[in-house]
1. I need the full set of residues from the range 59-77 which are surrounded by fewer than 20 Cβ atoms within 10 Å (Cβ to Cβ) and either charged (D, E, K, R) or within 25 Å of PHE128 (Cα to Cα) (or both), in order please.
2. Give me the residue from the range 4-38 that is in contact with a Gly (Cβ under 6 Å, 6 or more places away or on another chain) and not β-branched (Val, Ile, Thr) and, out of that set, surrounded by the most Cβ atoms within 10 Å (Cβ to Cβ).
3. Which one of these does ALA49 not meet: (1) under 25 Å from VAL141 (Cα atoms); (2) exposed (fewer than 14 other Cβ atoms within 10 Å of the Cβ); (3) in contact with a Pro (Cβ under 8 Å, 6 or more places away or on another chain)?
4. Out of (1) under 14 Å from the mean Cα position of the chain (by Cα); (2) closer than 23 Å to VAL217 by Cα, the odd one out for SER22 is which?
5. Inspect the range 161-173 for any residue being in contact with a Cys (Cβ under 7 Å, 6 or more places away or on another chain) and buried (at least 20 other Cβ atoms within 10 Å of the Cβ) and give the result as yes or no.
6. In the range 129-184, how many are in contact (Cβ under 8 Å) with a residue 24 or more places away in the chain and of a type in the set (S, T, N, Q)?
7. For the range 1-37, which residues satisfy the criterion of being more than 21 Å from LEU158 (Cα to Cα), at pLDDT 95 or above and among the aliphatic types (A, V, I, L, M)?
8. I'm trying to understand the selection: among the residues of the range 95-123, which are of a type in the set (Lys, Arg) and surrounded by fewer than 21 Cβ atoms within 10 Å (Cβ to Cβ)?
Amino acid sequence: MDEVPDILLLDMDGVIADVSESYRRALELTAESYGQSLDAASVSHLKAAGDANNDWVLIHRWLRQQGLDVDFEDVKGTYESYLQGTDDREGLWKQERLIPPRSFFETLSGRHPMGIVTGRTRADARRFIDRFDLAKFFEAVVCMEDAPRKPSPDPVELLLERMGARTSESDIWLVGDTPDDMRAAAAADVRPVGVIAPYEEDASMRPALLEAGATVVLGDIEELVGG
């Protein structure tokens, strides 16, 4: 991109973390454990529909829509057993990979301050950041426990507060891969920039991001280093 922001905020999943075989797969396996079929395309459709920033809430709601009388805590526990692993099953989190190369973070952190706003739990977010040695690139991180989930602007506004940033004084972008990210950014008065996650179909996600307020949609997160 030719334009360059003063401050760059990044979502985690689908933006810097490939979660196709972790969080997304955990949704599919949780559905399967309740006798339901939820494939990758259907998960993408649910994410594109919005109000889908918390996977526990998403899968519980979806199962109830299928006519199942399921307890939220039971569903959450099933999901977490796949994601975190058990004594006899490896956690899906180990399948995650970094989407952009390390040079991406080196370049961008040298240009402007960066922060992360994610719907992950603090423990899950910290584990990913530590696993790929990313902490030095980000001034602050806002997680699930810190604020209401996106599309609420609260987590974005909290991140800006922690970074000492004001929208009236800086050009601030939030890069995310879902409509919830775009709506949260717009409501927080920062520029919503969409990106197509590597496991999403451009033809379906791009219009969803634009409809949710994205001012531009990137086909690849590395386009950010072009400016």
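1. ARG61, ARG64, ASP69, ASP71, GLU73, ASP74, LYS76, GLY77
2. LEU9
3. Result: ALA49 fails condition (1) only.
4. It fails just one condition, (2).
5. Taking every residue of the range 161-173 in turn, none turns out to be in contact with a Cys (Cβ under 7 Å, 6 or more places away or on another chain) and buried (at least 20 other Cβ atoms within 10 Å of the Cβ).
6. Within the range 129-184, residues that are in contact (Cβ under 8 Å) with a residue 24 or more places away in the chain and of a type in the set (S, T, N, Q) number 3.
7. ALA17, VAL19, ALA26, LEU27, LEU29, ALA31
8. Within the range 95-123, ARG97, ARG102, ARG111, ARG122 qualify.
The values are calculated or read from the model by the stated rules, or taken from the named source; none is laboratory data. Note that this is a predicted model, so its numbers are computed, not measured. Virtual Cβ from ideal backbone geometry, glycine too; neighbours counted across all protein chains shown.
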